[in-house]
Amino acid sequence: KDLTCSLPVGLGLSETKITFHGFDSTKEGVVEAGPFPSSSASPKSSVISPSTTAASRLAGQGCDLIIPTGGRAQQKSGPVVLADEVKNPAMEKLELVRKWSLNTYKCTRQIISEKLGRGSRTVDLELEAQIDILRDNKKKYENVLRLAQTLSTQLFQMVHTQRQLGDAFADLSLKSLELHEEFGYNADMQKLLAKNGETLLGAINFFIASVNTLVNKTIEDTLLTVKQYESARIEYDAYRTDLEELNLGPRDANTLPKIELSQQLFQVHKEKYDKMRNDVS
């Protein structure tokens, strides 16, 4: 319709040959209007630019128009690609921050209520007693370790001094002929003491290494598990308190989904608490 309005007066569509010289989204095409070969009308030629309305309609169809030599239009459909909805990383991080903030708030509220004596606390008396014994034993072993390290340092200095003293007596036994036997006897005695001191020093160092492994690795790893257990216990009590408060309130269409969600979260943290308690035991 737009093309008909743009043609010169006296020239119909049946008498017009239309040729597209490349029409796409970036380059406008050129439409040449001229007399049809079989027409008896006088030859006329003009160059007509396609209207904006027609171009927008062609672009909105999402397909290519191919005009062959014969003048018949053919439609070539392109492949249709459906892209999956891409998840926004920022939204995922925001959701993680929201969950972390909610969990931190619940745990902080539980700790404050426990310190003020308002909140209830789950206590395993047998396990708590074992943890207290473990911490007390760690302090005792740390004291033994410090004393053993001090003994090792002092014994090393003494062995080194005995070895030097034995060398000095041996040198005197060679230079003082009148006291050769006495100096030689003392030199042998100091060397024997130094040798036995080195054996004792090796045993003490082995003891120090074993106690150091016990205190700074075995017990320390256990106390790290105890810290994780205590964190799990706080989370468990926090979500337990939250569920108890919801159960004491009214039950309607708005609160039932919240109670169900709170029950699921409570069950998750209960399983985590039981697992950490077994690990500590």
Rh (Kirkwood, all Cα-Cα pairs) for the range 179-281, Å, reads 19.1
Rounded Å value of the spacing that divides the Cα centres of the range 224-271 and the range 165-198: 78
In nm, give the distance between the simple-model label positions of LEU155 and ASP188, each being 7 Å from the Cα along the Cα-to-Cβ direction. 2.6
Full extension from LEU256 to LEU147: what is 0.36 nm times the residue separation minus their Cα-Cα distance, to one decimal in nm? 33.0 nm
Could you pull out the trypsin sites (Lys or Arg not before Pro) across the range 202-281 that fall in loop regions by DSSP (anything but H, G, I, E, B) with no more than 14 other Cβ atoms inside 10 Å? ARG251
PRE reach from ARG121 (point 7 Å along Cα→Cβ): which of the range 252-275 fall under 20 Å by backbone N? 270, 273-274
So how much slack lies between LYS195 and GLU220, counting 0.36 nm per residue of separation and subtracting their Cα-Cα distance, in nm? 5.4 nm
Among the listed pairs LYS191/LYS217; LYS99/LYS227; LYS93/LYS217; LYS99/LYS139; LYS138/LYS195, which are separated by more than 30 Å between their Cα atoms? LYS191/LYS217; LYS93/LYS217; LYS99/LYS139; LYS138/LYS195
HN-Hα couplings for the range 230-245 via Karplus (6.51, -1.76, 1.60; θ = phi - 60°), in whole Hz with x for Gly/Pro, come out as 5, 5, 5, 5, 5, 4, 4, 5, 5, 6, 5, 5, 4, 5, 5, 5
Taking amide H positions as placed 1.01 Å from N in the peptide plane, with prolines and chain starts having none, which residues 5 or more places from GLY119, or on another chain, fall under 5 Å of its amide H? GLU114
For every other residue with a beta carbon closer than 12 angstrom to the beta carbon of GLU235, add +1 if it is Lys or Arg and -1 if Asp or Glu, then tell me the sum. +2
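No lab work stands behind these numbers, since they all come straight from the coordinates. This one's a predicted model, so the numbers in the text were calculated from it and none came from an experiment. Glycine gets a Cβ as well: all are built from the backbone with ideal geometry, and neighbour counts include every protein chain shown.
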